[in-house]
1. Given the DSSP H assignment, sum -39500 (n - 2.57) over each helix run of at least 4 residues in the chain and divide by its residue total; what's the result at 222 nm in deg cm²/dmol, nearest 500?
2. With the other protein chains left in place, how much accessible area per residue, in square angstrom, belongs to the chain at a 1.4 angstrom probe?
3. How large is the dipole of the chain about the Cα centre if only Lys and Arg carry +1 and Asp and Glu carry -1, each at its Cβ, rounded to the nearest 20 debye?
4. Over the chain, with every protein chain in place, what whole percent of the accessible area is carbon and sulfur at 1.4 Å, could you tell me?
5. Phe33 to Lys124: extension gain in nm, 0.36 nm per residue of separation minus the Cα-Cα distance?
6. For the stretch 82-145, which semi-axes, largest first and in whole Å, follow from the square roots of 5 times the eigenvalues of its Cα gyration tensor?
7. For Lys160 and Tyr58 in one chain, what is 0.36 nm times their gap in residues minus the Cα-Cα distance, to one decimal in nm?
8. On average, how much area does the Cα convex hull of the stretch 2-95 cover when viewed from any direction, in nm²?
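The values are calculated or read from the model by the stated rules, or taken from the named source; none is laboratory data. Please read these numbers as outputs of a predicted model, since none were measured by experiment. Neighbour counts are summed over all protein chains in view; Cβ atoms, including those assigned to glycine, are modelled from backbone coordinates with ideal geometry. These accessible areas exclude ligands, DNA and RNA; they are computed on the full protein's heavy atoms, side chains included. Shrake-Rupley method; radii C 1.70, N 1.55, O 1.52, S 1.80 Å.
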Amino acid sequence: MKVYGTYFFDLDGTITDSSLGITNSVMYALKKFGIEEGDRRKLYKFIGPPLTGSFREYYGFSEEKAAEAVRYYREYYQDRGIYENRVYDGFEEMLKALKAAGKNLVVATSKPEPYAREIIDYFKLSGYFDYVAGMELDGGRGTKAEVIRYALSACGIEDKSGVLMVGDREHDVFGAKDAGVDCLGVLYGFGSREELERAGADYIAETVEEIGRMKYVR
């Protein structure tokens, strides 16, 4: 049985259900290009991965057009979308239990770091986290692996064997593997068991509560 001393948590789809704010922001951006997207669920694939890549992959935008779409996205998101959000039921209680057990907790998200910090502060979760790591507003640290490596460095962590990345999408798993840490995939967010297992998640948790209760057997 493996014991982890540090937990890295993804934000969107892991700590919070941010679907309303993110999809509203994507709809706002797409409308600037004359694209009306009426099916909100089609936009759930934007939750988690870096936005520039999602606009390119799902709407065929060029690099330049995708960057412009991200700027429009942020027009809506920074004033309204950021607050169209909620913490998953039971998540704060789970954080309390992990802290009581002496664990170090870190946010590692592909969301721009200033937005991530504002969300964590807004929901009064700052006291649980030792650090909040995210991408840079100018696009730097644009992959999950880069964010994880940045978080490891910022927290002075050299032994990666005691670190567990917790996230709901395949890019969390790929990023963790690339950065050399284990990954727990969660099923209450926006990814599926098939997606997470195919990506190579070391463990799967079905519920928030299960994260803190799991026996990590390899």
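1. Computed ellipticity for the chain at 222 nm equals -12500 deg cm²/dmol.
2. Counting only protein heavy atoms, the per-residue value for the chain is 45 Å².
3. Around 140 debye, computed over the chain.
4. It is 46 percent, rounded to a whole number.
5. Extra length available between Phe33 and Lys124 comes to 29.1 nm.
6. The answer is 22, 15, 9 Å, longest axis first.
7. Going from the current span to full extension adds 33.3 nm.
8. For the stretch 2-95, the mean projected area of the Cα convex hull comes to 7.6 nm².
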